[in-house]
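K.L.:
Encoded as structure tokens, here's the structure I'll be asking about.
The values are calculated or read from the model by the stated rules, or taken from the named source; none is laboratory data. Worth saying up front: this structure is predicted, and the values here are computed from it rather than measured. In this analysis, Cβ positions are derived from the backbone assuming ideal geometry, glycine residues included, and neighbour counts consider all displayed protein chains. SASA here: full protein model, heavy atoms, side chains in, ligands and nucleic acids out. Shrake-Rupley method; radii C 1.70, N 1.55, O 1.52, S 1.80 Å.
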Amino acid sequence: MVKKKHMSNILIALLAILVLVFLYLPIVIVIVYAFNADTVNCFPMNGFSLKWFQVMAENKDLILALEHSLIIAVVSTLIACILGVPGAYAMYCYNFPGKELLNRIVMLPLILPGILTGIAMLTFFKALGVTQGMTAVILGHSTFLIATVLPQVYARLRRMDHNIIEAAQDLGATGFQTFVHIILPNVKTAIISSALLSFTLSMDEIPVTYFLNGVFSTLPIQIWGMTRNGITPEVNAISSIIFAVSLVAILISNMLNKED
Amino acid sequence: MKNIFFTPKICATHKLLCAKYSAGMENIMEKRGAIEIENLDKAFGENHVVNHISLSINAGEFISFLGPSGCGKTTILRMIAGFETIDGGDIKIDGESVIHLPPHKRQVNTVFQHYALFPHLNVYDNVAYGLKAKNVSKAKIKEEVTKALELVQLDGFEKRMISQMSGGQKQRVSIARAIVNKPPVLLLDEPLTALDMKLRKEMRYELRNIQQKLGITFIYVTHDQEEAMVMSDRIVVLNGGNIEQVGKPKEIYQSPRSAFVSDFIGETNSFDGMIYQVQGDLATLQCESGQFMAKTTLFKEKEFVNISIRPHQVKWKEEMQEGFHLKGVVKDYIFTGSFVNAVVELVNGREVRIARLAGEGLPKVGQTVFLYWNPEDTVVMKNPAGDFGNMMENMDLGEWVKK
Ligand SMILES: Nc1ncnc2c1ncn2[C@@H]1O[C@H](COP(=O)(O)OP(=O)(O)O)[C@@H](O)[C@H]1O
Ligand SMILES: [Mg+2]
């Protein structure tokens with residue numbers, strides 16, 4: 001009996017390892033090749049080198065695309081927070097019919113295929129007279145990033161002790177003071193964690209961007225273009241950096257979410 | 001009645017501090033905090049929770065709202081604080097209607113049932129919050145917070161986070177957080193229910209002590225009649241959104257005006273007696289029905305007191321227990337749900353109620369038993385009758401325990 005259990009545990013562990021390998025081996029290979037001294041991706045490698053990172057840094061188009069991506073990610077994350085946090089608070093404070101439905105609908109842009117969201121936004125922005133370009137991309141990203149910020153902050157608010165809001169008012173705090181002094185600090189970690197997640201989501205967004213960018217390029221679109229003629233080691237280099245940054249962001253985000 | 005509420009221990013540590021604290025409060029002590037509730041009405045949908053009640057609360061009074069769970073106590077408190085709209089009637093504080101004011105503009109502070117402390121702030125900042133919200137200067141805040149923390153005996157805990165505090169300490173923080181604002185009225189919603197019995201008993205005295213020293217109005221919500229009895233100047237007994245009776249604890253205890261009040265208050269066995277001997281904090285008492293022990297540090301030998309003990313805390317044996325001489329005969333059993341109430345008649349004919357879980361082994365009706373209890377379980381109050389003659393008259397107080 002005990003032995004059987006032992007066996008099944010080992011099998012489960014093996015399966016888990018296989019799944020992890022399947023998921024992460026490609027990424028590991030990309031990272032390993034980023035430090036390859038050779039020009040072609042093949043084993044065995046001929047030595048360790050950082051030269052591809054240098055080549056990457058000297059690629060003006062790539063760096064410009066990175067700048068665009070950073071601007072877009074930072075600005076749209078900010079917009080998503082500025083709209084999403086008060087939005088979540090409003091949803092928390094007021095009861096109205098269809099509130100739970102709204103909470104779910106807000107998530108739609110995350111769940112729907114990006115291509116659909118992209119087309120929808122393109123059509124909508126055209127109708128509004130917003131031309132394709134940086135502004136359109138930022139607006140587009142902000143819209144779907146709210147979908148990460150609002151539900152996370154709302155969920156945290158619902159876990160918060162509701163009485164502390166009344167306690168603050170009881171002590172003479174106005175609605176605004178309550179929001180700044182009491183609500184914000186208590187959902188702070190949820191905000192930071194969803195902002196980090198938003199940032200990484202925006203950094204590697206392709207479909208929505210593709211419909212809205214017009215002439216300029218973002219990092220993922222640039223990389224995608226570069227790989228059309230085969231994967232170059234400098235793509236491996238930039239990919240490794242993106243992976244490292246995303247990993248750190250997501251780890252922090254997870255940690256903060258677990259905090260309470 | 002008042003002086004009995006201070007245990008010597010607390011009195012000693014508190015006297016100075018309280019004196020210091022109340023000295024700064026003279027300006028607000030000019031009889032502020034009178035509340036007039038006129039024809040107050042509230043319904044949640046079909047549920048008529050508060051039914052046209054009217055009540056005058058004097059400035060500086062300790063008044064308790066006593067009633068079973070769901071009778072509308074919290075709702076009334078929330079209407080006074082401004083968290084609940086009212087459906088009819090008026091609430092006046094010091095003569096001015098407050099019903100149109102939002103909570104943050106009302107001159108009342110609340111001690112919440114589950115503390116509702118700010119988890120992201122330390123003890124100091126929690127207590128300081130009310131003053132900070134009103135843009136009081138930093139130096140003044142420090143002075144006031146220090147005083148308030150001393151008053152609740154939490155000096156030295158300023159830097160602690162709330163999660164590092166015990167239940168009793170949290171309760172003190174929430175009291176300090178409220179009184180630091182020097183409100184003329186303090187609302188307390190079952191502030192002691194989350195504490196264990198021992199701490200609850202201690203805190204009763206401390207709360208009463210603080211109220212006396214600050215001289216402000218306390219509106220204290222509880223479903224615990226014992227608590228209301230020992231703390232309040234007056235008790236408002238509520239039932240289903242109606243006021244059943246308003247009066248001093250003794251009035252309500254001695255002449256309940258309705259069967260409901262009688263039932264609700266009468267759950268306790270009460271003896272009038274005289275302190276015969278004191279050893280440490282244990283007193284031996286003598287009364288008409290016999291002799292027994294109680295725990296108290298407040299009284300001296302030869303003082304007349306009233307002792308109450310809850311039916312479920314009375315124990316029985318076939319032999320006499322040391323310190324107790326209460327002989328009786330089991331007269332009847334009354335079965336109520338999962339409990340059974342035994343009626344034991346003592347030698348002088350007075351009856352004592354004993355509650356037991358149904359299904360426990362019980363002595364037969366007619367059997368002789370000796371009653372005793374844990375001296376800590378008793379509540380000892382000063383007997384307002386005072387002299388022996390009056391005491392004899394009050395002896396048949398036990399009569400309505402029968403009801
Ligand atoms: N916000 C609310 N919405 C609907 N019903 C409520 C609300 N608050 C209280 N009640 C109802 O009002 C009644 C009285 O509640 P409450 O004042 O909390 O009683 P108590 O404090 O005496 O236990 C209860 O029946 C309760 O269910
Ligand atoms: Mg209540």
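K.L.:
Scan segment B:114-129 and give yes if some residue there is within 13 Å of ligand 2 (Cβ to nearest atom), of a type outside the set (Val, Ile, Thr), within 12 Å of another protein chain (Cβ to nearest Cβ) and open to solvent by 60 Å² or more (accessible area, probe 1.4 Å), otherwise no.
P.N.:
The answer is yes; a qualifying residue exists.
K.L.:
Find all pairs meeting these conditions: Cβ atoms under 7 angstrom apart; at least six residues apart or on different chains; first residue within segment B:94-107 and closer than 11 Å to B:Ile37 by Cα; second residue at pLDDT below 95 and of a type in the set (S, T, N, Q).
P.N.:
Every condition considered, no pair remains.
K.L.:
So, one more: Could you figure out which of (1) modelled with pLDDT of 90 or more; (2) more than 13 Å from every other protein chain (Cβ to nearest Cβ); (3) more than 18 Å from B:Pro119 (Cα to Cα) isn't true of A:Thr174?
P.N.:
Result: A:Thr174 fails condition (2) only.
K.L.:
I'd like the residue in segment B:217-251 that is polar (S, T, N, Q) and open to solvent by 20 Å² or more (accessible area, probe 1.4 Å) and, out of all such residues, is farthest from ligand 1 (Cβ to nearest atom).
P.N.:
Among residues in segment B:217-251 that are polar (S, T, N, Q) and open to solvent by 20 Å² or more (accessible area, probe 1.4 Å), the one farthest from ligand 1 (Cβ to nearest atom) is B:Asn242.
K.L.:
Please determine whether any residue of segment A:157-164 is surrounded by fewer than 23 Cβ atoms within 10 Å (Cβ to Cβ), away from chain B (no Cβ under 14 Å), part of a helix (DSSP H, G or I) and at pLDDT 90 or above.
P.N.:
yes
K.L.:
I'd like to check something: does segment B:196-205 contain any residue that is out of contact with any strand residue (DSSP E or B) (no Cβ under 8 Å at 6 or more places or on another chain) and under 24 Å from A:Gln169 (Cβ atoms)?
P.N.:
For segment B:196-205, residues out of contact with any strand residue (DSSP E or B) (no Cβ under 8 Å at 6 or more places or on another chain) and under 24 Å from A:Gln169 (Cβ atoms): absent.
K.L.:
Anything in segment A:166-181 that is in a helix (DSSP H, G or I) and surrounded by fewer than 23 Cβ atoms within 10 Å (Cβ to Cβ)? List them, or say none.
P.N.:
A:Glu166, A:Gly175, A:Phe176, A:Gln177, A:Thr178, A:Phe179, A:Val180, A:His181
K.L.:
If you don't mind, another one. Take the conditions among the β-branched types (Val, Ile, Thr) and closer than 19 Å to B:Ala342 by Cα and apply them to B:Ile309. Does it pass?
P.N.:
When the stated conditions are applied, B:Ile309 passes them.
K.L.:
Could you list, in sequence order, all residues of segment B:54-84 that are assigned to a loop (DSSP other than H, G, I, E, B), more than 14 Å from chain A (Cβ to nearest Cβ) and within 15 Å of ligand 1 (Cβ to nearest atom)?
P.N.:
Result: B:Gly67, B:Pro68, B:Ser69, B:Gly70, B:Cys71, B:Gly72.
K.L.:
Which one of these does B:Val50 not meet: (1) within 12 Å of ligand 1 (Cβ to nearest atom); (2) open to solvent by 10 Å² or more (accessible area, probe 1.4 Å); (3) not in a loop (DSSP other than H, G, I, E, B)?
P.N.:
If we test B:Val50 against (1) within 12 Å of ligand 1 (Cβ to nearest atom); (2) open to solvent by 10 Å² or more (accessible area, probe 1.4 Å); (3) not in a loop (DSSP other than H, G, I, E, B), just (2) comes out false.
K.L.:
If you don't mind, another one. Conditions first: (1) surrounded by fewer than 20 Cβ atoms within 10 Å (Cβ to Cβ); (2) free of Cβ contacts under 8 Å to residues at least 24 places away in the same chain; (3) more than 19 Å from the chain's Cα centre (by Cα). A:Val215 passes all but one, so which condition is the exception?
P.N.:
(2)
K.L.:
Which one of B:Thr222, B:Thr217, B:Thr193 is β-branched (Val, Ile, Thr) and more than 16 Å from ligand 2 (Cβ to nearest atom)?
P.N.:
None of the others qualify; the one that does is B:Thr217.
Per-residue answers, yes or no, for (1) within 23 Å of B:Glu206 (Cβ to Cβ); (2) within 16 Å of ligand 2 (Cβ to nearest atom):
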position: B:Asn47; (1), (2): no, yes
position: B:Gly88; (1), (2): no, no
position: B:His100; (1), (2): no, no
position: B:Val108; (1), (2): yes, no
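K.L.:
Of the residues B:Leu214, B:Leu199, B:Leu186, B:Leu195, only one is more than 16 Å from ligand 1 (Cβ to nearest atom), within 14 Å of chain A (Cβ to nearest Cβ) and within 26 Å of B:Met165 (Cα to Cα); which?
P.N.:
Going through B:Leu214, B:Leu199, B:Leu186, B:Leu195 in turn, the sole match is B:Leu186.
K.L.:
Let me ask something else. Might you check whether a residue that is polar (S, T, N, Q) and without any contact (Cβ under 8 Å) to a residue 60 or more places away in the chain occurs anywhere in segment B:148-160?
P.N.:
No, every residue in segment B:148-160 fails to be polar (S, T, N, Q) and without any contact (Cβ under 8 Å) to a residue 60 or more places away in the chain.
K.L.:
Then there is this: State whether one or more residues within segment B:167-175 are in the same structural domain as B:Ala81 (by TED's automatic domain parsing), more than 12 Å from B:Ala116 (Cα to Cα) and either open to solvent by 50 Å² or more (accessible area, probe 1.4 Å) or at pLDDT 95 or above (or both).
P.N.:
No, that holds for no residue.
K.L.:
Given A:Tyr210, A:Tyr154, which one is more than 14 Å from every other protein chain (Cβ to nearest Cβ), open to solvent by 20 Å² or more (accessible area, probe 1.4 Å) and in a helix (DSSP H, G or I)?
P.N.:
The unique qualifying residue is A:Tyr210.
K.L.:
Report yes if B:Glu38 is open to solvent by 20 Å² or more (accessible area, probe 1.4 Å) and either away from ligand 1 (no atom under 16 Å from the Cβ) or within 14 Å of another protein chain (Cβ to nearest Cβ) (or both), otherwise no.
P.N.:
yes
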